[in-house]
Amino acid sequence: MQVLAALRFFAGGPYQSYIGEEEYAAMDQSSVSRCITEVAKAICEHLMQHWIKLDLSPESVAGLREGFYQKYGFPGAIGAIDCTHVAIVAPPVDNPIYMERQYYNHKRYHSINVQLVIAFFFL
């Protein structure tokens, strides 16, 4: 339940109270908060070391900086971060699992938020 509650928050955030209202994962906000903290710590301590790697050796950074500058014209950068909304067909308003209000974004249409993270390195 802890992992499911945290994954639900990571997928749909930013409101922990929505998770507690769901039929299959009912728990109070403080429990949801503890689940998020514990699962995030486990991801950072165990999964990141295995799956997320960034070579920050001087040679690697120099190559990345040059490549990023040649392609995009940003001096000193070795990556970027950006988000976008991918439009979706709205879930039914009465769906207890995929609640329609959680997919309605600030741009006034239904979407899933997608984020890409790449590192920057400035000397």
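The values are calculated or read from the model by the stated rules, or taken from the named source; none is laboratory data. A quick note: this is a predicted structure, and the numbers were derived from the prediction, not measured. Glycine gets a Cβ as well: all are built from the backbone with ideal geometry, and neighbour counts include every protein chain shown. The accessibility values were calculated without ligands, DNA or RNA, using every heavy atom of the protein model including side chains. Shrake-Rupley method; radii C 1.70, N 1.55, O 1.52, S 1.80 Å.
Restricting region 72-96 to residues that are open to solvent by 50 Å² or more (accessible area, probe 1.4 Å) and within 20 Å of the chain's Cα centre (by Cα), the residue that is modelled with the lowest pLDDT is 81.
Selection within region 31-61: residues that are outside any helix (DSSP H, G or I) and either touching a residue at least 24 places away in the same chain (Cβ under 8 Å) or among the hydrophobic types (A, V, I, L, M, F, W, C) (or both). The member of this set that is surrounded by the most Cβ atoms within 10 Å (Cβ to Cβ) is 54. Put simply, of 23, 66, 38, 59 the only residue that is at pLDDT 85 or above, out of contact with any strand residue (DSSP E or B) (no Cβ under 6 Å at 6 or more places or on another chain), within 26 Å of residue 4 (Cα to Cα) and among the acidic types (Asp, Glu) is 38.
Among the residues of region 101-119, is there at least one that is surrounded by 10 or more Cβ atoms within 10 Å (Cβ to Cβ), at pLDDT 80 or above and assigned to a loop (DSSP other than H, G, I, E, B)? Within region 101-119 (the criterion being surrounded by 10 or more Cβ atoms within 10 Å (Cβ to Cβ), at pLDDT 80 or above and assigned to a loop (DSSP other than H, G, I, E, B)), the answer is yes, since at least one residue qualifies.
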